[in-house]
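The structure appears right after this line, and notes come after that.
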Amino acid sequence: MAIVTAISRRMVTLPVHVYLKTQKDGRDSKELQPNHPVEALLKKPNGWQTQATYWLDAINILVRYGNFYAY
């Protein structure tokens, strides 16, 4: 359990954003999409959890069971 908690706590500190994949001058590039509806869900996933507690739970389940589904 200590290893799962350590992994979860480190992963929570990483930023989560929505990007749009585009091509410029024949090269792939990514553009940040700050006004995308999914970006709002990533910042405030539900009414009873903060972003950090949601991702702690999600990563904890992912590491322990190998998958995570959010509805």
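The values are calculated or read from the model by the stated rules, or taken from the named source; none is laboratory data. This structure is a prediction, so every number in the text was calculated from the model and none was measured. Note that each Cβ is placed from the backbone with ideal geometry, even for glycine, and that neighbours are counted across all protein chains shown. Keep in mind that these areas ignore ligands, DNA and RNA; they rest on the heavy atoms of the full protein, side chains included. Shrake-Rupley method; radii C 1.70, N 1.55, O 1.52, S 1.80 Å.
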(i) 15.1, 48; (ii) 12.6, 37; (iii) 11.0, 31, with the label sought being that of the calculated Rg and Dmax of the Cα atoms in Å: (i)
Please list, by residue number, every one of the chymotrypsin sites (Phe, Trp or Tyr not before Pro) in segment 11-57 that is coil in DSSP and has at most 15 other beta-carbon atoms within 10 Å. Trp48
Tell me the angle of helix 2-12 to the major Cα principal axis of the chain, expressed in degrees between 0 and 90 and rounded to the nearest ten. 30 degrees
At what distance in nm do the modelled label points of Ala52 and Lys24 sit from each other, each positioned 7 Å from its Cα along Cα→Cβ? 3.4 nm
Skip the ligands, DNA and RNA, and give the accessible area per residue of segment 31-71 with a 1.4 Å probe, whole Å². 79 Å²
Using only the alpha-carbon atoms, how far is helix 51-65 inclined from the longest principal axis of the chain? Give it as 0 to 90 degrees, nearest 10. 70 degrees
